[in-house]
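Some notes on the structure that comes next.
The values are calculated or read from the model by the stated rules, or taken from the named source; none is laboratory data. A quick note: this is a predicted structure, and the numbers were derived from the prediction, not measured. Protein only, heavy atoms only, side chains kept; ligands, DNA and RNA dropped before computing areas. Shrake-Rupley method; radii C 1.70, N 1.55, O 1.52, S 1.80 Å.
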Amino acid sequence: MPGLTRLAVTRLVTGAFAWSSSGKTNDDLVTNLVRDRRLKLPAVEAALRRVDRKMFVLPAERGAAYDDRPLGIGYSATISAPHMHAAALEFLAPSIAEKGSVLDVGCGSGYLLAAFAALGARAAHGVEYAPDLAKLAESNLRAHDAALLDGGRVTVTTGDGWNGLPAKAPFDAIYVGAAATSVPRALVDQLRPGGRMVVPVGKQASKATLLRVDKDGAGVV
Ligand code: SAH
């Protein structure tokens, strides 16, 4: 599965390394991801063109906003590399495109919440453990498109994502940005029949394997 390779490689790169898909502008970056076949679905491509990554990186990192690598956002967290965001969105696009509702566990910078909305999600809900990062996600999203927050289509909640977000469940798609030691039971329970979850699982975060969890129409995983 290409996603496995991508995750393993992402974990290994150092801050100084940039993938060949890097660009000078957001459009440039997306064009290069398509060229390098890290981005294949036209709907995901269109969504990524509408979300400027620069709005989701720290001011000090703006010069590197269109590098295809993770960037620090404080509190030992990173905004994932664009090719990782592209892979996550391609895995989940079939569950989201038909106005699905999405949960983003460990929403960090808030970038994926904006991308899920751009992809056509009816609702995109983020849960973030670190209160300051939840505030960062909200202010980034406000700068990107305040109407998403004001209209309640995108929300950010501070809390432990392993409990999911029962008040907003069930979800058509769940993306987990934090490494789990096992597939989180509460999140499987909050997945709607027909839904899909992507979650990195491993005893050590640096060696996590990206798993895809599909629940069929009868609720069987
Ligand atoms: N998709 C995000 C990735 C952020 S890094 C982005 O690209 O910006 C992973 C995030 O998960 C961090 O912000 C971290 O604070 C958060 N996190 C870790 N454990 C968590 C938990 N149990 N519940 C919620 N968030 C968690």
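Table for the structure above
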{"read-out": "Overall form of the range 49-104 per C-alpha gyration tensor (a/c, 1.5; a/b vs b/c)", "value": "prolate"}
{"read-out": "Per-selection metrics, the chain (Cα): Rg and Dmax in Å", "value": "15.8, 49"}
{"read-out": "Computed [θ] at 222 nm, helices only, for the chain once each DSSP H run of length n ≥ 4 contributes -39500 (n - 2.57)", "value": "-10500 deg cm²/dmol"}
{"read-out": "Placed amide H near Leu103: partners under 5 Å, 5+ positions off or other chain", "value": "His125, Ala173, Ile174, Tyr175"}
{"read-out": "Area projected by the alpha carbon convex hull of the range 135-221, averaged over all directions, nm²", "value": "6.5 nm²"}
{"read-out": "Centroid-to-centroid separation of the range 137-197 and the range 26-86 [C-alpha atoms, Å]", "value": "20 Å"}
{"read-out": "Global geometry of the range 50-181, whether rounded, prolate or oblate, following the gyration tensor of its Cα atoms and the 1.5 cut on a/c", "value": "rounded"}
{"read-out": "Unsatisfied cross-links (Cα-Cα over 24 Å) in the set Lys99/Lys203; Lys99/Lys215; Lys99/Lys168", "value": "Lys99/Lys203"}
{"read-out": "Solvent exposure, largest accessible area first (probe 1.4 Å, DNA, RNA and ligands not counted), of Leu148, Leu136", "value": "Leu136, Leu148"}
{"read-out": "Of the DSSP H helices in the chain, those whose Cα atoms cover at least 15 Å axially and whose Kyte score averages 0.5 or more", "value": "82-96"}
